[in-house]
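Novice: Can you read through this structure? Questions will come right after.
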Amino acid sequence: MSLAIGGFGIGLTEFVIMGILPNVANSLGITIPQAGHFISAYALGVVVGAPLLTSFSHKLSPNRMLLLLMVWFTVFNTLSAFATDYNMLLVVRFLSGLPHGAFFGVGAVIAGKLAKKESRAKLLR
């Protein structure tokens, strides 16, 4: 259940900004295309963070790593709510995207360990 809730939270954070882009642009006094950079910043964070953070995952247990990733995700998404200008939100969106890919990678490992041996391949499809 925790993996599902975490996956839902990460997915929601990735895509919800698309629906509120005009509001974000208006509140920061920027254009909608400029606000679109927040989507790109998050995506860039995912691309950079997945291999980088996964490479550190062997030093911690999968459960601890998953907890660390969710704490990171929560802290930087909370900070994004308090961003006061374009540059701050751009940086915070990048940082909040870093744990995204690693969460799903480590989560797949944990899910595989939780599943019955005969169900693992079906679970990870």
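Novice: If you rank Ser80, Ser61 by fewest surrounding Cβ atoms within 10 Å, what's the result?
Specialist: Numbers: Ser80 21, Ser61 11.
Ordered by Cβ neighbours within 10 Å, fewest first: Ser61, Ser80.
Novice: Taking the Cβ-Cβ separation of Leu21 and Thr84 as r and a Förster radius of 22 Å, what is the calculated FRET efficiency to the nearest 0.05?
Specialist: After rounding, the FRET efficiency stands at 0.75.
Novice: Now for a different question. Which option, (i) 13, 48, 34, 4, 0; (ii) 12, 43, 33, 10, 2; (iii) 13, 41, 28, 13, 4, 0, is the value of P(r) over Cα pairs in 10 Å bins from 0, in percent that was calculated from these coordinates?
Specialist: (iii)
Novice: For the stretch 42-48, what does the Karplus curve 6.51 cos²θ - 1.76 cosθ + 1.60, with θ = phi - 60°, yield as ³J(HN,Hα) per residue in whole Hz, taken in order and with x for Gly and Pro?
Specialist: These are the phi-based 3J(HN,Hα) values: 5, 4, 5, x, 4, 5, 6 Hz.
Novice: Which whole-number percent gives the relative contact order of the chain, counting Cα pairs below 8 Å spaced six or more residues apart? Walk me through the intermediate numbers first.
Specialist: On the way: 129 pairs, mean separation 39.2, N = 125.
Over the chain, the number comes to 31 percent.
Each value in this text was obtained by applying a stated rule to the coordinates, not by laboratory testing. Please read these numbers as outputs of a predicted model, since none were measured by experiment. So basically every Cβ, Gly included, is an ideal-geometry build from the backbone, and we count neighbours across all protein chains shown.
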